[in-house]
Amino acid sequence: MAPSVAAANYDSRPALRGAGLGGGGPQRGRGQEQPPARRVGVIGRRPAEVVREELPDVEKLGRRRGRKMDSVEKGAATSVSNPRGRPSRGRPPKLQRNSRGGQGRGVEKPPHLAALILARGGSKGIPLKNIKHLAGVPLIGWVLRAALDSGVFQSVWVSTDHDEIENVAKQFGAQVHRRSSEVSKDSSTSLDAITEFLNYHNEVDIVGNIQATSPCLHPTDLQKVAEMIREEGYDSVFSVVRRHQFRWSEIQKGVREVTEPLNLNPAKRPRRQDWDGELYENGSFYFAKRHLIEMGYLQGGKMAYYEMRAEHSVDIDVDIDWPIAEQRVLRYGYFGKEKFKEIKLLVCSIDGCLTNGHIYVSGDQKEIISYDVKDAIGISLLKKSGVEVRLISERACSKQTLSSLKLDCKMEVNVPDKLAVVDEWRKEMGLCWKEVAYLGNEVSDEECLKKVGLSGVPADACSTAQKAVGYICKSNGGRGALREFAEHIFLLME
């Protein structure tokens with residue numbers, strides 16, 4: 001099913017206002033009434049114009065913003081008023097935005113579209129959820145990869161109050177806005193954090209608020225939404241998913257009532273294939289123009305929804321969602337621009353990957369090491385699947401001890417330059433780097449991890465190695481990490 005969009009324009013105020021806690025979507029469960037709406041667009045068509053009465057004085061609004069408004073902004077401003085009776089949220093004093101309209105000199109600058117991921121450190125459901133590893137990647141890394149690779153944003157930001165989240169965001173190439181304690185509380189809304197961000201970033205015209213807990217987001221979705229905002233003139237676009245679920249009215253305890261169907265006739269229950277289902281917000285993203293956000297909205301004006309594929313619609317709220325999301329992202333997630341090639345060679349560091357790094361020395365000065373049988377099985381499964389497995393170590397390991405493991409793998413020890421040896425093996429087998437995988441755990445493995453097509457480290461690898469890889473195992477070195485990495489290879493090669 002291809003993604004679809006639909007547009008709507010409202011007489012006075014947008015259907016939904018405010019936003020949820022942390023990095024989520026609009027607040028849930030507040031019972032806010034929806035304003036009457038006139039649907040003026042259908043899927044695949046541009047919305048018709050709507051004639052309104054009692055329009056606000058847009059020229060005065062433009063003067064409050066410190067510049068003359070262009071025709072596009074006039075039309076957008078007339079579609080939204082502030083129902084809360086409070087002044088529109090403005091910028092800090094003395095901050096003026098450069099004109100984007102026809103009044104400027106020379107070539108008109110395109111509107112600045114910024115991706116903004118909200119990731120505070122005080123998550124209650126899952127502590128530091130935003131950087132917890134999901135399928136070997138920090139959760140926030142999945143959406144950052146999609147946003148950066150989409151190529152539609154002039155800037156990609158993470159708004160956080162936590163040092164560890166800041167470090168991970170920078171590792172993935174994002175800029176960081178250190179949010180204040182005032183918008184980092186449990187009671188703070190997404191709108192509060194976005195508004196603060198805009199107050200400090202006067203250059204931004206449009207915000208794409210992407211939820212960190214939607215790891216199956218793809219760049220193509222973001223590219224299509226950016227086109228809707230820039231080319232088709234929408235003020236706000238948000239993501240939805242189609243669901244086939246029958247809803248019934250809730251009965252309060254102690255009340256003698258019977259439940260009533262809300263979206264079906266029980267006497268004529270439709271089959272799934274005979275019913276189009278209903279659209280629900282999935283919280284993956286909310287795009288909105290600056291003027292709308294400053295009025296206190298993420299949805300409003302000339303708005304549209306963007307329907308995402310059901311398999312890409314994943315949201316993580318509680319621990320029980322985690323294993324389900326992990327399986328979904330491994331099958332339907334976005335792994336990068338370059339197409340994954342079939343792995344033909346896996347190189348594994350001996351110390352700290354095949355073994356746990358511990359060395360025992362007997363009374364007669366003989367070296368004793370240990371390994372996990374699960375890892376030996378992983379090597380066997382790889383070889384049966386046509387993947388060559390070779391071992392490498394910078395230490396002068398005892399070849400006699402290693403041969404006694406009976407792993408039947410070619411190995412090189414006392415290697416000062418691991419990259420040179422791996423490159424020699426690659427050329428010997430006639431492979432490109434994308435067909436090579438590497439499992440390492442130390443600083444000496446860094447260059448190999450960055451060069452190969454698929455890289456991994458055990459859970460207890462050094463920080464330098466962890467920063468260089470695409471997959472971090474749950475298991476420690478010598479405790480099943482090699483078997484886990486082998487299964488990851490099999491899953492990607494399906």
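The values are calculated or read from the model by the stated rules, or taken from the named source; none is laboratory data. Keep in mind the model is a prediction, meaning the values are calculated, not measured. Neighbour counts are summed over all protein chains in view; Cβ atoms, including those assigned to glycine, are modelled from backbone coordinates with ideal geometry. Each accessible area value is taken on the protein alone, full model and side chains, heavy atoms only, with ligands, DNA and RNA left out. Shrake-Rupley method; radii C 1.70, N 1.55, O 1.52, S 1.80 Å.
Points worth noting:
- In the range 359-385, the residues that are in a loop (DSSP other than H, G, I, E, B), open to solvent by 80 Å² or more (accessible area, probe 1.4 Å) and touching a residue at least 24 places away in the same chain (Cβ under 8 Å): Lys366
- Index of the failed condition, His244 passing every other in (1) surrounded by 22 or more Cβ atoms within 10 Å (Cβ to Cβ); (2) closer than 18 Å to Ala310 by Cβ: (1)
- Every condition in (1) out of contact with any Ser or Thr (no Cβ under 9 Å at 6 or more places or on another chain); (2) of a type in the set (Asp, Glu); (3) in a loop (DSSP other than H, G, I, E, B) holds for Glu257 except the one numbered (1).
- Residue in the range 123-131 that is surrounded by 21 or more Cβ atoms within 10 Å (Cβ to Cβ) and modelled with pLDDT of 95 or more present: no
- Residue match in the range 293-301 (condition: out of contact with any Gly (no Cβ under 6 Å at 6 or more places or on another chain), of a type in the set (D, E, K, R) and open to solvent by 20 Å² or more (accessible area, probe 1.4 Å)): no
- Test: Lys341 is in contact (Cβ under 8 Å) with a residue 40 or more places away in the chain, closer than 30 Å to Ala481 by Cβ and of a type in the set (Lys, Arg): yes
- Any strands (runs of 3 or more DSSP E) falling wholly within the range 386-494 and containing at least 1 residues that are surrounded by fewer than 21 Cβ atoms within 10 Å (Cβ to Cβ): 388-392, 410-412
- Of everything in the range 428-444 that is closer than 11 Å to Lys344 by Cβ and of a type in the set (Gly, Ala, Ser), the residue that is nearest to the chain's Cα centre (by Cα) is Ala437.
Let's see how each residue does on (1) at pLDDT 95 or above; (2) over 25 Å from Asp161 (Cβ atoms); (3) polar (S, T, N, Q); (4) open to solvent by 10 Å² or more (accessible area, probe 1.4 Å):
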{"position": "Ser188", "(1), (2), (3), (4)": "no, no, yes, no"}
{"position": "His201", "(1), (2), (3), (4)": "yes, no, no, yes"}
{"position": "Val204", "(1), (2), (3), (4)": "yes, no, no, no"}
{"position": "Gly208", "(1), (2), (3), (4)": "yes, no, no, no"}
{"position": "Ser214", "(1), (2), (3), (4)": "no, no, yes, no"}
{"position": "Gln223", "(1), (2), (3), (4)": "yes, yes, yes, yes"}
{"position": "Ile229", "(1), (2), (3), (4)": "no, yes, no, no"}
{"position": "Ser236", "(1), (2), (3), (4)": "yes, yes, yes, no"}
